[in-house]
Each structure stands twice: as C-alpha cells, then as structure tokens.
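The values are calculated or read from the model by the stated rules, or taken from the named source; none is laboratory data. Everything numeric here is computed off the predicted structure, so don't read it as measured data. Neighbour counts run over all protein chains shown; Cβ positions are idealised from the backbone, glycine included.
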Amino acid sequence: MSKGSFGTISAAALLLASAALAPAADISAKKILIKDNADTTKRQVLVLSKDASIAFANAGNPTIGGASVHLYSATDDYCSIIGPGALWTSPGGNKWKYKDTATKNILQIKDGRILVKLKEDTIGFDLDNTPQGTVNVQVQFALGTRYCVRCGGTVVKDDAAKFLAKDCAAAACDAEPSSCDPPNPTTTTSTSTSTSTTSTCPPGPPPSLNEIKGALPPTVGRFNYNLTLGLPGANAACNTNFPGTHACLYSELQAAAAACELTSLTDTNGMTVTSFWVINGTTPSLTECQDDAIGGSNLNWEYGTAHTAARGTRVDLNSVTGILGPVQPPQQCNLSTRWVGCCP
C-alpha cells in the first residue's frame with residue numbers, strides 16, 4: 001500500500017474533520033485512468049465525471065479552503081491535498097479551476113462536470129499490486145459536497161502499467177482506509193493555533209475585545225459607507241466608529257472567533273451580527289464583488305448587481321457560541337446583506 005500527498009499541510013489542517021461534516025454524493029464517471037511507471041515523473045491520474053448531479057453551487061470556495069482527491073483500492077491509498085491560493089480561479093463565476101503550470105495538475109468543477117488531472121512525480125498510487133479490481137475516488141472542494149466515484153465493473157485495462165475504467169455508473173464508494181480532507185481553515189478544533197471556531201466560549205458578551213472592536217451595519221456587496229464606495233469607505237467607517245480600526249479580513253475574523261470575541265457581537269445600530277462578507281484583502285477577485293463591468297473600477301466590493309460574473313462569499317456566525325461556519329459558495333452581490341467587522 002502506498003500513500004502520498006502534495007501541497008503544504010499545517011498541523012492545524014491535520015485536525016480537520018470536513019469529510020464527516022460535508023454532504024456526500026455518488027456520481028458516475030466517464031473515465032478513471034491511472035498510469036504507473038518506474039520513472040515517477042511519468043505517472044498520471046485522470047478522473048472525468050459528467051453527471052447532472054454535480055453542481056458548482058455545492059462546491060466550497062477552494063481559494064480559501066483548498067481541495068482534496070482521495071484515490072484508493074483494496075491495495076493502494078493515495079491522498080492529494082491541494083492548498084488554497086492564487087492558483088484557483090473562477091472563470092465566468094460559474095466554475096472553480098485549479099491549474100499549476102509547474103506540475104501540470106488541473107482540477108475543475110462546474111455544473112455537470114468534474115475533472116482531475118494529476119501529473120506530478122509525488123503520485124503514490126502504484127499498480128504493482130494487480131489487478132486493482134475496484135478503484136474509488138473521492139473529490140471535495142473546501143467544505144462543499146464530497147463527490148464519490150467508484151469504478152469496478154467496467155474496467156478496460158488493469159495491469160501493472162495502466163488502470164482504465166470507462167462509463168462507471170454512480171455507486172457508493174468503499175469505506176475510506178484513511179482520512180483525506182481539504183485544508184479548509186474554517187473547521188478546525190478549538191486546540192488549533194489557526195482556528196476560526198470554538199466550542200468553549202462562555203455565554204454572553206466577551207469581557208474584552210482585542211481582535212475585533214465592533215461591526216458596521218449589514219450591506220450588499222457594493223459597500224457604500226461614509227458615502228465612499230468599496231473598502232476605503234468601510235475602512236473609513238470603521239475608523240470613525242472605532243478609532244484605529246479597519247474592515248476585518250477573514251483571517252482576523254478567525255482570530256476573533258478563536259479569542260471568543262464574536263459571541264453576542266452587535267453592530268453600530270445595536271443589531272446582532274449573524275454573518276460577514278469574506279474579505280481577503282488580496283488582488284481584485286470575482287468572489288469579492290469586483291466591479292468588473294465595462295468602465296468599472298475593477299476594485300473589490302464595488303459591484304452591486306448581477307449582470308457580470310462578479311460574486312461575493314460570506315461566512316455565517318452563531319452569535320450564541322461565537323462559532324464561524326464554513327465559507328459559503330459565491331452569491332450575487334445584490335442578493336442579500338452581510339456585516340463588516342472592524343479590527344485593529
């Protein structure tokens with residue numbers, strides 16, 4: 001049996017239990033291809049599923065939560081962890097795509113389709129224990145639906161060099177021999193140094209507010225605080241109401257949750273905060289209500305309709321326990337209102 005992974009996995013990520021928390025779906029597959037070779041640089045995994053039950057909206061946000069691909073059989077067990085970051089994009093706002101030009105690894109999910117191509121030399125799934133018989137693949141994007149593909153009865157080739165199965169019907173996967181979960185930072189245990197949730201916060205308002213000072217009233221994705229659009233307006237409004245603060249980044253909200261400072265949080269109007277827009281503070285993004293309209297500013301949090309691909313992501317808050325939920329799939333920037341925290 002062989003195991004492997006790629007990407008950087010922190011100690012906190014090893015504590016995740018996203019597979020147990022995420023919804024699951026059995027899907028059909030057009031193809032599963034595994035190539036083995038003594039030259040590990042020539043190993044390859046290809047998984048292609050075209051199934052109507054696959055939905056972009058049911059995937060988590062991998063720019064924040066990464067993804068995982070678990071490939072296993074009765075004799076082999078290989079886990080690929082794909083970290084979050086700039087290699088993830090959302091072309092057109094209706095798909096998630098990961099492309100690493102160095103390794104030539106590709107992951108993609110959109111309505112009706114999942115594609116996985118792994119070509120890096122760290123693939124640890126060997127075909128020396130032949131025949132494989134049945135191969136299972138479980139793919140999960142952040143804390144979204146965990147999709148299962150199982151191919152056993154439609155195997156075209158199964159030897160020490162190649163495993164190829166085509167047109168596999170949807171079926172429940174065999175039990176996973178080990179855990180293989182995305183490195184999503186939103187569901188760690190309360191002992192993790194990078195936790196964004198906690199189950200040990202005492203009830204009632206926190207005794208001190210060091211990580212977060214308060215919150216602005218809820219807004220659509222087109223921020224317009226202090227009569228100023230976007231993040232500059234939110235930063236100005238935070239500084240006006242809570243001197244020395246700015247609009248909280250998502251990482252700062254996680255720190256506030258870990259410090260038990262989100263319980264009973266209210267905004268400047270006295271309303272209880274129950275969700276936040278996810279602000280990463282990175283380059284303009286179609287998941288942060290980027291004004292990408294013709295003649296627009298091309299800046300984040302300045303778009304407020306649904307005519308382009310711009311969307312916004314949110315994270316919900318349990319105001320009683322102070323727990324942040326998983327980051328939700330992107331939604332229209334004018335669909336609903338969410339809060340903006342103010343952090344020092």
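For (1) of a type in the set (A, V, I, L, M); (2) farther than 21 Å from Asn224 by Cα; (3) in the same structural domain as Asn235 (by TED's automatic domain parsing), each residue gets a yes or a no:
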residue: Thr308; (1), (2), (3): no, no, yes
residue: Arg311; (1), (2), (3): no, no, yes
residue: Val315; (1), (2), (3): yes, no, yes
residue: Val320; (1), (2), (3): yes, yes, yes
residue: Val327; (1), (2), (3): yes, yes, yes
residue: Cys333; (1), (2), (3): no, no, yes
Sole residue being aliphatic (A, V, I, L, M), crowded, with 19+ Cβ neighbours inside 10 Å and more than 22 Å from Trp96 (Cβ to Cβ), chosen from Ala236, Ala258: Ala258
Residue selected from the stretch 208-265 under the condition farther than 14 Å from Leu317 by Cα and among the hydroxyl-bearing types (Ser, Thr, Tyr), by the criterion farthest from the chain's Cα centre (by Cα): Thr240
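This table checks each residue for (1) part of a strand (DSSP E or B); (2) surrounded by fewer than 22 Cβ atoms within 10 Å (Cβ to Cβ); (3) in contact (Cβ under 8 Å) with a residue 24 or more places away in the chain.
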| residue | (1), (2), (3) |
| --- | --- |
| Gly270 | no, yes, no |
| Phe276 | yes, no, yes |
| Gln290 | no, no, no |
| Leu299 | no, yes, yes |
| Tyr303 | no, no, yes |
| His307 | no, yes, no |
| Asp316 | yes, yes, yes |
| Val320 | no, yes, yes |
| Leu324 | yes, no, yes |
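Pull up the stretch 326-343, narrow it to residues that are among the polar types (S, T, N, Q) and either buried (at least 24 other Cβ atoms within 10 Å of the Cβ) or under 18 Å from Pro217 (Cβ atoms) (or both), then point me to the one that is modelled with the highest pLDDT.
In the first step, residues of the stretch 326-343 are kept if they are among the polar types (S, T, N, Q); the result is 328, 331-332, 334, 336-337.
With the extra rule that they be either buried (at least 24 other Cβ atoms within 10 Å of the Cβ) or under 18 Å from Pro217 (Cβ atoms) (or both), the set shrinks to 334, 336-337.
Numbers: Asn334: 87, Ser336: 80, Thr337: 90.
Result: Thr337.
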Options Pro91, Pro84: the member that is crowded, with 18+ Cβ neighbours inside 10 Å and not hydrophobic (A, V, I, L, M, F, W, C): Pro84
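Filter the strands (runs of 3 or more DSSP E) completely within the stretch 120-176 down to those with at least 1 residues that are of a type in the set (Val, Ile, Thr) and surrounded by 18 or more Cβ atoms within 10 Å (Cβ to Cβ). Step through it out loud before you land on a result.
Details: elements: 135-141, 146-151, 155-158, 162-168.
Once the strands (runs of 3 or more DSSP E) in the stretch 120-176 are filtered for at least 1 residues that are of a type in the set (Val, Ile, Thr) and surrounded by 18 or more Cβ atoms within 10 Å (Cβ to Cβ), what remains is 135-141, 146-151, 155-158.
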Filter result for Pro232 (in the same structural domain as Asp291 (by TED's automatic domain parsing), assigned to a strand (DSSP E or B) and at pLDDT 90 or above): no
Hits in the stretch 235-261 (condition: at pLDDT 95 or above and over 22 Å from Ala310 (Cα atoms)): Ala236, Ala237, Cys238, Asn239, Thr240, Asn241, Phe242, Pro243, Gly244, Thr245, His246
Test set (1) more than 26 Å from Thr287 (Cβ to Cβ); (2) within 28 Å of the chain's Cα centre (by Cα); (3) at pLDDT 90 or above; (4) not acidic (Asp, Glu) - Thr191 fails condition number: (3)
Residues (out of contact with any strand residue (DSSP E or B) (no Cβ under 7 Å at 6 or more places or on another chain) and in contact (Cβ under 8 Å) with a residue 24 or more places away in the chain) located in the stretch 240-249: Gly244, Leu249
Ala102, sole failed condition from (1) surrounded by fewer than 24 Cβ atoms within 10 Å (Cβ to Cβ); (2) touching a residue at least 40 places away in the same chain (Cβ under 8 Å); (3) part of a loop (DSSP other than H, G, I, E, B): (2)
Residue among Leu231, Leu249, Leu216, Leu209 that is out of contact with any Ser or Thr (no Cβ under 8 Å at 6 or more places or on another chain) and more than 30 Å from Lys95 (Cβ to Cβ): Leu209
